[in-house]
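What follows is a set of notes on a single structure, which appears directly below.
The values are calculated or read from the model by the stated rules, or taken from the named source; none is laboratory data. These numbers come from a predicted model, not from an experiment. Here the Cβ is made from the backbone with ideal geometry for all residues, glycine too, and neighbour counts use every protein chain on show.
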Amino acid sequence: GTEEDAFYAGDIPNAPELNMGKRIDLDDLMKSKGDEFTGSFGKEEFDEFREKMTDDFYQESDNAIRQGDHQAEIRTSNRVFGGAESDVDDAKRRIAEETGMANPAEVEEVLEEEYEDEGDDNYSIDENGVEWFEDEDGYWWYREEGQTDWQPYDEE
């Protein structure tokens, strides 16, 4: 097209000249001027935290060895912050109270049912009782009658 022709013919305007001001030497920029805040903010807290975690780790390890369980799983990667489980249970309990249900497990069922009823286009049950669900990315999942887990559907 004409844009390409203009480019090859050299009719494109040059980039504007940038006014960069005076050049700054990086070494000068990195030098301390004496009025900066160079406290150890956070460093002591971090060191304290790391020390406590290390102590906890060794204590769990020592306890496991004392009990003769050298294969004891010392969980540091799957650690849940205290209260996370109880927060979930509290939320379920509140929902149960608000909806008049006694059992928090019923709340989960109702939430699942509500989710399932939302979009009829992406959820159905076939003649064999198999539930089908299309997620927002267009992938299909199925759950056979009596199963709790959804399985991805491969079209092979």
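Pairs linking a residue in the stretch 138-152 that is closer than 16 Å to ASN128 by Cα and at pLDDT below 90 to a residue that is of a type in the set (A, V, I, L, M) and surrounded by 12 or more Cβ atoms within 10 Å (Cβ to Cβ), with Cβ atoms under 7 Å and 6 or more positions apart or on different chains, are GLU145/VAL130. Looking across the stretch 43-89, just one residue is surrounded by 10 or more Cβ atoms within 10 Å (Cβ to Cβ), at pLDDT below 60 and more than 26 Å from the chain's Cα centre (by Cα), and that is ALA72.
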